[in-house]
């Protein structure tokens, strides 16, 4: 199994989930910004992205650090990104829960999208060739999230 293929696939599915969440916001009725669809898609997207990062921190990154110690600084940087993204997701979820206006929700989604995309691109540039040769005796869903 090619871990690089799985990592790309998960990143693509998360990008798609973000797009669906943004579309749910765009389709919302202005008087009722936190529509049922938006709540559902936001919750699903936030949960999926969080599970992905938690799996990387718990399973993938320690395996990479063990097999490629020269990448420990890169992994620390990626984990800092995970923490920043978790903070942004918390802000988004709080805004959705209190039915914030569409403009505010869009700002949250834009912030998450920008950091997430930058993070994914950096992670792929730094780790795809490494994960091609990675020995990791775990299920990809455990290490990369359930997408």
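The values are calculated or read from the model by the stated rules, or taken from the named source; none is laboratory data. No experiment lies behind these values; they were computed from the predicted model shown. As a convention, Cβ positions derive from the backbone with ideal geometry for all residues, glycine included, and neighbour counts pool all protein chains shown.
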- request: Please work out if residue 70 is loosely packed, with under 15 Cβ neighbours inside 10 Å, at pLDDT 95 or above and out of contact with any helix residue (DSSP H, G or I) (no Cβ under 7 Å at 6 or more places or on another chain).
  value: yes
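For (1) outside any helix (DSSP H, G or I); (2) surrounded by fewer than 18 Cβ atoms within 10 Å (Cβ to Cβ); (3) out of contact with any helix residue (DSSP H, G or I) (no Cβ under 6 Å at 6 or more places or on another chain), each residue gets a yes or a no:
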| site | (1), (2), (3) |
| --- | --- |
| 88 | no, no, no |
| 104 | no, yes, no |
| 109 | no, no, no |
| 115 | no, yes, no |
| 118 | no, yes, yes |
| 121 | no, yes, yes |
| 129 | no, yes, yes |
| 138 | yes, yes, no |
| 141 | no, yes, yes |
Does residue 94 satisfy the condition of being modelled with pLDDT under 95, closer than 17 Å to residue 17 by Cβ and out of contact with any helix residue (DSSP H, G or I) (no Cβ under 6 Å at 6 or more places or on another chain)? no
Filter the range 17-36 for residues that are outside any helix (DSSP H, G or I) and surrounded by 13 or more Cβ atoms within 10 Å (Cβ to Cβ); the one that is modelled with the highest pLDDT is 28
- Task: Answer yes or no as to whether residue 39 is modelled with pLDDT of 90 or more and either within 17 Å of residue 103 (Cα to Cα) or in contact with a strand residue (DSSP E or B) (Cβ under 9 Å, 6 or more places away or on another chain) (or both).
- Result: no
All-but-one check, residue 130 against (1) over 26 Å from residue 2 (Cα atoms); (2) touching a residue at least 60 places away in the same chain (Cβ under 8 Å), failing number (1)
